[in-house]
Amino acid sequence: MIQPISGFSKKSKEEKIAWLLSTYLKETTEAEQTLKKYWNADSDLQKLHDDFIENTLTNYYLPFAIAPNFLINETLYAIPMVIEESSVVAAASNAAKFWLDRGGFKAEVISTEKNGQIHLNYYGEEDTLKTFFSEIKPTLIASIASIQENMQKRGGGLLDIELLNATDTLEGYFQLHCRFETLDAMGANFINSCLETIAKTFETEAHKNSLFTEIAIFPEVVLSILSNYVPECRVKATVSCPVEFLNNKDIDGATFAKKFVRAIDIAKAETRRAVTHNKGIMNGIDAVILATGNDFRAVEAGVHAYAAKNGFYNSLTHAKVEDGIFTFWIELPLALGTVGGLTSLHPMVKLAFEILQKPTAKELMKIVAVAGLAQNFAAIRSLVTTGIQKGHMKMHLMNILNQLAATTEEKNTAVLHFKENTVSHRAVVTYIEKLRR
């Protein structure tokens, strides 16, 4: 029987691996070799990676790729993408090239406000709490003066604090809703530090205030935390052209535009389709988020909440044809940073920002939104013309060949064969077996 281990985090990396091998991996040489194979030969760089998280054993590699030819607001970008799924980078690149000669992408930041809440229990009279909050609000703001000093010098900081009554959703539930501007920082640590200090000040002052001591009912802080739902931190990206510019060998532009708009309407009407539709958008968004060292889990959570903001989960993208002009756009919340966190620590993140010409947080919001829009355009274009599998499986071909341990000669022959033949796992296996016979 496997026994719990104590003090694991205090062990050296070698000791952790030895324990793992003896406890779960039957002391296999292959497992140890695999773990150590991915150590970086540069010991300083490896130490940097080891310190990112706790209990690090090795590194887990993902491909770092470039999608070129993105014309965004008249500036040409090559967009770094980190992702394991085949065809994502190819699809983004194809969409970028498609729109390069049709005016490129337009993008604008609508707002950059972020937020956090101090969640309260309070079962007394609402007017009493309102009176107290009005009295104490200047003190709450003053309590974070030292925390936000540098942020304010750069033009950011706390924007306002509001007392909200949420008892219609939960008995006795109030909150202090705090709004922030964090500029080029994603701002999570800054916001949380401010919230916790404000919360502590709020409780301290409440226990000294006669409004509550007389009735023996004190507001109680339950928790203080930023929100990853940031509908006020929003960006829009758009492409547009006359429908005749959409003509291609598979379909005429007017028919293509009609089917494209209908596909978007279906994703707005049907949740099962919308989830897969938006997942494709996030293929592009997450890949850039990862490459730039931002928090893709936070972005995912906020974006999907935004997709359901009207009480029904639907498409993040929109399309229309008016007066012969096809327009396709996306609007979504993105709280991103270009300073702090991994942005200044991870060497590949630094390189990604150099490739992107050292963008501000606002510029990065535009780039990321465009990547999502491009990904969705490529997917819908495939779906309403040749089908999604033709292009996807051709990109997946190399993965299948590697699973079969195909030689370079076998790979080259297979690539030529499947240019004219449908790719499936069974078809590739059969073809390679035939070659080897």
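Listing for the model above:
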| quantity | calculated |
| --- | --- |
| Some residue of segment 152-173 being among the basic types (K, R), more than 20 Å from H119 (Cα to Cα) and crowded, with 18+ Cβ neighbours inside 10 Å | no |
| Of all residues making up segment 145-193, the number that are of a type in the set (V, I, T) and touching a strand residue (DSSP E or B) at 6+ places or on another chain (Cβ under 8 Å) | 4 |
| Out of L45, L71, L57, sole residue that is in the same structural domain as I83 (by TED's automatic domain parsing) and closer than 24 Å to A291 by Cβ | L71 |
| Given (1) touching a strand residue (DSSP E or B) at 6+ places or on another chain (Cβ under 8 Å); (2) under 19 Å from V109 (Cα atoms), index of the condition N294 fails | (1) |
| Options F353, F377, F328: the member that is surrounded by 19 or more Cβ atoms within 10 Å (Cβ to Cβ), over 22 Å from K106 (Cβ atoms) and either among the charged types (D, E, K, R) or touching a residue at least 24 places away in the same chain (Cβ under 8 Å) (or both) | F353 |
| Cross-chain or 6+ apart pairs with Cβ under 8 Å, segment 298-310 first and over 14 Å from K279 (Cβ atoms), then in a helix (DSSP H, G or I) | A298/A188 |
| Selected residue (criterion: farthest from E203 (Cα to Cα)) from residues of segment 168-191 that are under 21 Å from the mean Cα position of the chain (by Cα), assigned to a strand (DSSP E or B) and at pLDDT 95 or above | E181 |
| 1 or more residues β-branched (V, I, T) and within 31 Å of the chain's Cα centre (by Cα): qualifying helices (runs of 4 or more DSSP H) within segment 337-437 | 347-355, 361-383, 388-403 |
| Pairs, first at pLDDT 90 or above and surrounded by 13 or more Cβ atoms within 10 Å (Cβ to Cβ) in segment 201-220, second in a loop (DSSP other than H, G, I, E, B) and among the polar types (S, T, N, Q), C-beta under 7 Å, six or more apart | T201/S143 |
| Candidates R262, R297, R234 - the one that is modelled with pLDDT of 95 or more and not in a helix (DSSP H, G or I) | R234 |
| Candidate set from segment 30-46 (those that are part of a loop (DSSP other than H, G, I, E, B) and of a type in the set (A, V, I, L, M, F, W, C)); member that is surrounded by the fewest Cβ atoms within 10 Å (Cβ to Cβ) | A41 |
| Residue list for segment 1-29, restricted to those being of a type in the set (D, E, K, R), outside any helix (DSSP H, G or I) and either surrounded by 10 or more Cβ atoms within 10 Å (Cβ to Cβ) or touching a residue at least 12 places away in the same chain (Cβ under 8 Å) (or both) | K11, E27 |
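Conditions tested, residue by residue: (1) in contact with a helix residue (DSSP H, G or I) (Cβ under 9 Å, 6 or more places away or on another chain); (2) surrounded by fewer than 21 Cβ atoms within 10 Å (Cβ to Cβ); (3) of a type in the set (A, V, I, L, M).
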| position | (1), (2), (3) |
| --- | --- |
| L48 | yes, yes, yes |
| D51 | no, yes, no |
| P80 | yes, no, no |
| S86 | yes, yes, no |
| V89 | yes, no, yes |
| N94 | yes, yes, no |
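The values are calculated or read from the model by the stated rules, or taken from the named source; none is laboratory data. Please read these numbers as outputs of a predicted model, since none were measured by experiment. Note: ideal-geometry Cβ built from the backbone for every residue, glycine included; neighbour counts use all protein chains shown.
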